[in-house]
Amino acid sequence: MQEIQEKINQYRLKFEEEAVRVRDRQGLEALRVQFLGRKRGYITKLIENLKHLSPEERPLMGKEINELKTYILAKLEEIKHNVVKTQKKVSHLDLTLPGRQIPLGAPHPLVKLQEEIESIFYQMGFSVEDGPEIETDYYNFEALNFPPHHPARDDWDTIYVEGREDLLLRTHTSPVQIRAMEKRKPPIRIIIPGRVYRKETPDPTHLPMFFQVEGLVVDVGITFAHLKGTLESFLRRLFSERIKIRFRPSFFPFTEPSAEVDISCLVCQGKDSRCRVCRGSGWIEILGAGMVDPQVLKNVNIDPEKFSGFAFGMGIDRTAMFVYQINDMRLFYENDLRLLRQFNRQ
Ligand code: PHE
């Protein structure tokens with residue numbers, strides 16, 4: 001009887017050991033056959049061995065064997081449940097599906113263009129300068145040689161801070177020229193991108209807030225030839241090597257002489273008299289520029305007998321319209337992803 005008792009204990013341990021290793025239905029079936037198989041299962045063998053026992057011992061061991069059998073049956077049922085559950089989980093997991101994409105965001109087309117402009121000027125040895133958007137009358141106008149009666153000072157163009165005659169939202173990036181020249185002495189070679197503000201009713205080509213990029217070079221012996229060379233190589237890099245460029249005489253209070261710079265129309269190359277981009281003229285106005293007025297240099301204590309310089313200013317939004325072929329500037333500010341996505345792969 002002791003022998004059988006030992007076997008029962010052994011099989012129980014063996015079963016427990018093997019049960020934890022079952023991973024799937026085949027493993028489960030093998031375990032069942034090993035213990036409960038009709039011919040060679042361990043339980044069957046145990047029952048067969050009962051006949052060697054005395055009639056008193058038999059029911060005792062029979063009970064023990066039955067208990068083991070019930071235990072094994074219950075355990076097999078439990079394992080079956082777990083196997084089915086994990087198999088269901090596994091079948092939901094399709095490893096061939098592509099991963100979930102996390103949208104990373106992408107630069108706005110205006111930011112992209114600004115960065116492109118910055119990178120071209122970086123390569124020409126310029127650095128980027130910044131300045132305040134709320135300016136004083138001095139930096140926005142006076143130091144830039146605007147006479148008191150100049151129309152740009154009219155309320156119509158300039159947005160003033162309420163109750164403060166001397167504070168305004170800068171109407172151009174040129175005041176940062178003055179701030180930069182006050183801070184450091186020549187040689188100066190900077191560009192100044194940033195927001196500017198004007199009292200405008202929004203329409204396809206006007207906005208009360210838009211972006212400009214300003215340029216300033218001051219050094220010994222700077223001439224109009226440097227201005228032309230710099231702007232020509234910049235515009236060719238930005239648009240195309242094939243564009244034509246022309247300088248028209250113009251006026252700005254802070255440059256003398258002054259010029260407006262046009263490029264040949266990218267869309268019709270001057271061949272379509274009804275072109276919507278250049279309105280048939282064949283030219284697109286891109287920049288204001290000129291040699292820094294000696295009076296402006298005096299205003300910041302730079303000797304105009306020793307130093308000279310050139311400056312230019314360009315509208316980023318306006319230029320973006322030509323670069324991206326968009327006919328309404330307001331679209332840049334509507335944050336419609338259907339438009340914005342067209343300029344980025346994301
Ligand atoms: N500040 C001028 C404007 O806003 C552009 C400009 C900049 C012209 C620098 C000449 C030199 O129109």
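Numbers below:
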read-out: Protection-proxy order for peptides 21-32, 108-119, each taking the mean of Cβ atoms within 10 Å per residue, highest first; value: 108-119, 21-32
read-out: R0 of 30 Å, Cβ-Cβ distance residue 21-residue 97: FRET efficiency to nearest 0.05; value: 0.45
read-out: The range 166-265, accessible area per residue, ligands and nucleic acids excluded (1.4 Å, Å²); value: 43
read-out: Gyration tensor verdict on the range 247-346 (Cα atoms; rounded if a/c is under 1.5, prolate if a/b is larger than b/c, oblate otherwise); value: oblate
read-out: Packing-based order for 252-264, 89-101, using average beta carbon neighbours within 10 Å, highest first; value: 252-264, 89-101
read-out: Cross-link reach list, lysines versus residue 306, counting only Cα pairs under 20 Å and skipping chain neighbours closer than eight places; value: 183, 185, 298
read-out: Helix-only [θ]222 nm of the chain, DSSP H runs n ≥ 4, -39500 (n - 2.57) each, per residue, nearest 500; value: -12500 deg cm²/dmol
read-out: Counting DSSP beta bridges with both ends in the range 109-344, the antiparallel % (nearest 5); value: 95
read-out: Apportionment of accessible area to carbon and sulfur, the chain, percent (1.4 Å); value: 52
read-out: Within the range 38-77, backbone nitrogen closer than 14 Å to the virtual label 7 Å beyond the Cα of residue 9 toward Cβ; value: none
read-out: R0 of 56 Å, Cβ-Cβ distance residue 56-residue 30: FRET efficiency to nearest 0.05; value: 0.95
read-out: Kirkwood Rh, Cα atoms: Rg over Rh of the range 249-305; value: 1.27
read-out: Low-density loop positions, trypsin sites (Lys or Arg not before Pro), the range 155-214 - DSSP coil, at most 13 other Cβ in 10 Å; value: 184
read-out: Protection-proxy order for peptides 201-211, 308-318, 131-141, each taking the mean of Cβ atoms within 10 Å per residue, highest first; value: 308-318, 131-141, 201-211
read-out: Accessible area in square angstrom per residue, the range 59-146, 1.4 angstrom probe; value: 67
read-out: Simple label model, 7 Å out from Cα along Cβ direction - residue 49 to residue 164, nm; value: 9.9
read-out: Prolate/oblate/rounded label for the range 109-344 (Cα gyration tensor, a/c 1.5); value: oblate
read-out: Top of 35, 126, 332 by mean-square fluctuation, Gaussian network on the chain, Cα under 10 Å; value: 35
read-out: Cα point-scatterer Debye curve for the range 2-90, base-10 log of I(q)/I(0) at q = 0.12, 0.13, 0.22, 0.25 Å⁻¹; value: -0.40, -0.46, -1.03, -1.24
read-out: Theoretical gain in end-to-end length, residue 71 to residue 237 [0.36 nm per residue, Cα-Cα removed]; value: 51.4 nm
read-out: Charge sum, other residues only, whose C-beta stays under 14 Å from residue 206's C-beta, Lys/Arg counted +1 and Asp/Glu -1; value: -1
read-out: Two-site label geometry, residue 40 and residue 201: point separation in nm, points 7 Å out along Cα→Cβ; value: 9.9
read-out: Local electrostatic count, residue 8, Cβ distance below 12 Å [Lys/Arg +1, Asp/Glu -1]; value: +2
read-out: The range 131-176: C-alpha pair distances exceeding 16 Å, %; value: 26
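The values are calculated or read from the model by the stated rules, or taken from the named source; none is laboratory data. Source: prediction; values computed, not measured. FYI the Cβ positions are ideal-geometry reconstructions off the backbone, even for glycines, and counts take in every protein chain you see. We work out accessible area using only protein heavy atoms, side chains counted, and drop any ligands, DNA or RNA first. Shrake-Rupley method; radii C 1.70, N 1.55, O 1.52, S 1.80 Å.
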